[in-house]
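Below is one structure, written out as structure tokens; comments come after it.
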Amino acid sequence: MDISEFSRLENKSNYNRHPWETSRKNVLHTFLKKSGIKFPIDRVVDIGSGDSYVIHTLLEKDYAKEYFAIDTAYTSEVIAQLKSNNKNSSVIYLQSLKEYEENYPTDKATLFLCMDVLEHVEDEKIILDFLKPSPTNNNYYFFAVPAFQSVFSSHDVLLGHYRRYTLPQLNSLLVQNQFSIIDKGYYFTTLLFFRRVEKFLKKDKEASIDNWEAGKFKTALINTMLKVDFQISLFFNKLGITIPGLSCYCLCKK
């Protein structure tokens, strides 16, 4: 979750996580399991880590030996609160890629996560230029972004998005920046359908995912729907059939 959305950072015990967040985490874990990457890798670096939820789910499963969470919103107060929320875990919190590059240079095998981040910057090269080729060719990069400009809405504006992408656009952007694509596709087809209906009916969302107050039954129902949705997308992807979804991803090397 983006820190900008996380109004209840100091009240973690009473915070109900949105099913999109938990399903997105499950999507990542599934892609990593089938990626061919040898885990535990030396490092995981989560760019735009927000409340560090995703990187801590990787830490819990020993995906790496070192963990770095990077977010421009990380003030000393926010970092102190995140450390407290996560029982002073081994995750290292940093405010920028430049800070990471200057203080933690390495040739160790690293997995960089950049999930729902590129759409927040006016020029993607602000981030991509920092992700330099590895001399040992042992780094991996997982990018995920919101898909289809046709469903761009006031909700995107609320979240600070400059744009949405198609899979060919994301692929082209990464190739132009010297990334080699290993795997790519869409996910959450059902959510794209609902977003198109909302767009047609001109019913834009006025709240962020921080405001999730649904009960356990509705939450479980949505989680199940998204799990089935994702499994169907994976099945068709194996057949070489691309089904559009609300998000698209690329797993790369450089």
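The values are calculated or read from the model by the stated rules, or taken from the named source; none is laboratory data. In this text, all values refer to a predicted model and were calculated from it rather than measured experimentally. With ideal geometry, Cβ positions are generated from the backbone for all residues, glycine too; neighbour counts draw on all protein chains shown. Heads up: the accessible areas ignore ligands, DNA and RNA and are worked out on the full protein's heavy atoms, side chains in. Shrake-Rupley method; radii C 1.70, N 1.55, O 1.52, S 1.80 Å.
The figures follow:
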read-out: Residues of region 131-173 satisfying the condition of being crowded, with 18+ Cβ neighbours inside 10 Å and under 23 Å from Phe39 (Cβ atoms); value: Leu131, Asn139, Tyr140, Tyr141, Phe142, Phe143, Ala144
read-out: Complete set of residues in region 174-194 that are over 19 Å from Ser35 (Cα atoms), assigned to a helix (DSSP H, G or I) and open to solvent by less than 30 Å² (accessible area, probe 1.4 Å); value: Leu192
read-out: Checking Phe148 against (1) at positive phi; (2) at pLDDT below 95, the condition it does not meet; value: (2)
read-out: Condition met for Asp62 (of a type in the set (D, E, K, R), out of contact with any strand residue (DSSP E or B) (no Cβ under 9 Å at 6 or more places or on another chain) and at pLDDT 95 or above); value: yes
read-out: Some residue of region 79-102 being within 13 Å of the chain's Cα centre (by Cα), at pLDDT 95 or above and within 29 Å of Leu246 (Cβ to Cβ); value: no
read-out: Of all residues making up region 219-241, the number that are surrounded by 11 or more Cβ atoms within 10 Å (Cβ to Cβ), of a type in the set (Val, Ile, Thr) and over 16 Å from Phe193 (Cβ atoms); value: 2
read-out: Odd one out for Asn26 among (1) open to solvent by 40 Å² or more (accessible area, probe 1.4 Å); (2) in a loop (DSSP other than H, G, I, E, B); (3) more than 20 Å from Tyr100 (Cβ to Cβ); value: (2)
